[in-house]
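The block underneath contains the structure these notes are about, expressed in structure tokens.
The values are calculated or read from the model by the stated rules, or taken from the named source; none is laboratory data. Everything numeric in this text was worked out from a predicted model, so none of it was measured. Neighbour counts are summed over all protein chains in view; Cβ atoms, including those assigned to glycine, are modelled from backbone coordinates with ideal geometry.
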């Protein structure tokens, strides 16, 4: 598979970009990799980069973005922070990816059994982790069931995963509300912002808008 160039990137659309990721995850699940030479891609990208998508994901070691989407060097911008939320710096990074560097798709990728989400569900207090988890708290509060407080913690994996999905949706909402650049690009059809969930027990990525 060839390295992305300015020409190939310009021909990509948000939908074809999504298709690339969907097909890549299917290859990953089938244990089939696209034929690419990574060292050749290092040489191909030494003068510039033209990724077709930007992925905001968690730092979790079980979710290596390029691997689970079977992508190569120069294909994806990857922003990672525990709990895959946005702040000013991450928004600026994604604005650069799309407005300056030409990426067509933004994916907010959560995952099941997320440790950061578990910490938010359990109201963990520890150093700078306390502030980090406060960014995920709105998702915990947005999930209304179960109402029983004894079931709203990391011991209830269904609750944790529902919070993870809600966190992805709130992150997308925050992107649109806090970044005029991304909002305008999406409104004009130049980019699409979508959510996804990586299942750590299977390797499958589930996409949703």
Tell me the helices (runs of 4 or more DSSP H) entirely within region 1-111 that contain at least 3 residues that are surrounded by fewer than 21 Cβ atoms within 10 Å (Cβ to Cβ) and out of contact with any strand residue (DSSP E or B) (no Cβ under 9 Å at 6 or more places or on another chain).
6-11, 14-29, 38-44, 88-95
Counting only residues in region 118-145 that are in a loop (DSSP other than H, G, I, E, B) and touching a helix residue (DSSP H, G or I) at 6+ places or on another chain (Cβ under 7 Å), the one surrounded by the most Cβ atoms within 10 Å (Cβ to Cβ) is identified as 136
Looking only at region 153-169, how many residues end up being outside any helix (DSSP H, G or I) and either touching a helix residue (DSSP H, G or I) at 6+ places or on another chain (Cβ under 6 Å) or surrounded by 19 or more Cβ atoms within 10 Å (Cβ to Cβ) (or both)?
2
What are the pairs, 6+ residues apart or on separate chains, where a residue within region 177-195 that is modelled with pLDDT of 95 or more has its Cβ under 6 Å from a residue that is surrounded by 13 or more Cβ atoms within 10 Å (Cβ to Cβ) and part of a loop (DSSP other than H, G, I, E, B)?
185/191; 191/104
